[in-house]
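First the structure, in the form of C-alpha cells, and then the observations on it.
The values are calculated or read from the model by the stated rules, or taken from the named source; none is laboratory data. Source: prediction; values computed, not measured. For neighbour counting, all protein chains shown are included, and Cβ atoms are generated from backbone atoms with ideal geometry for every residue, glycine included.
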Amino acid sequence: MNTRNARFWTYLNGHPVKLSLRPGQSLSWRKSWRTDEGWDSEACTWPHKGAGVAIRWIRPPTDNMDCDGCLREDSGGFSPLDRLHAGREVDGITFPAWEISEGWRLDEAAEADGY
C-alpha cells in the first residue's frame, strides 16, 4: 500500500497556509524580526514520516535576545495522517490535532535569578 500525501493547514506570518508534503518530504519555514528589546525569531519544520507528519517549532537562542538575555523555546509533536484535519477549527479551517511530545523554554535572566 502506498503512503499518501499529507495536506494540512498551519499559520505562517499571521495567515492560514495549506501545506502539502509527499512521503519522505520535509518543509521548513523561518522568520526573524527586530523588537523594541532586541531580536526575535521562530522556525518550524514539518517532515512527512509515512504514518503522519511531525512538527518541530523552535525559537533559537542566538536570535532571541531581549533586555534580560537570551530566550529559547523548543517543542515537537506528531499528527497521524487521519488526524491532520481533526484539531481546532478557526474561521472554517480545521488544523491538525498535534500530539505534543516534548517542549521546553529557557530564559537566561530567569534562570540566573533562580526561577
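Can you confirm whether PRO23 is in a strand (DSSP E or B) and in contact (Cβ under 8 Å) with a residue 24 or more places away in the chain? Steps first, please.
Working: in a strand (DSSP E or B): no; in contact (Cβ under 8 Å) with a residue 24 or more places away in the chain: yes.
When the stated conditions are applied, PRO23 does not pass them.
Within segment 74-87, is there a residue that is of a type in the set (Asp, Glu), at pLDDT below 60 and out of contact with any His (no Cβ under 8 Å at 6 or more places or on another chain)?
In the first step, residues of segment 74-87 are kept if they are of a type in the set (Asp, Glu); the result is 74, 82.
Add one more test, that the residue is at pLDDT below 60, and what stays is none.
No, the conditions are met nowhere in segment 74-87.
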Search result, residues across segment 31-55 that are closer than 27 Å to SER20 by Cα, more than 10 Å from the chain's Cα centre (by Cα) and not hydrophobic (A, V, I, L, M, F, W, C) | LYS31, SER32, SER41, PRO47, HIS48, LYS49, GLY50, GLY52
In segment 7-54, which residues are touching a Cys at 6+ places or on another chain (Cβ under 7 Å) and hydrophobic (A, V, I, L, M, F, W, C)?
-> TRP29
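Of the residues in segment 76-92, how many are farther than 19 Å from TRP57 by Cβ and not in a strand (DSSP E or B)?
6
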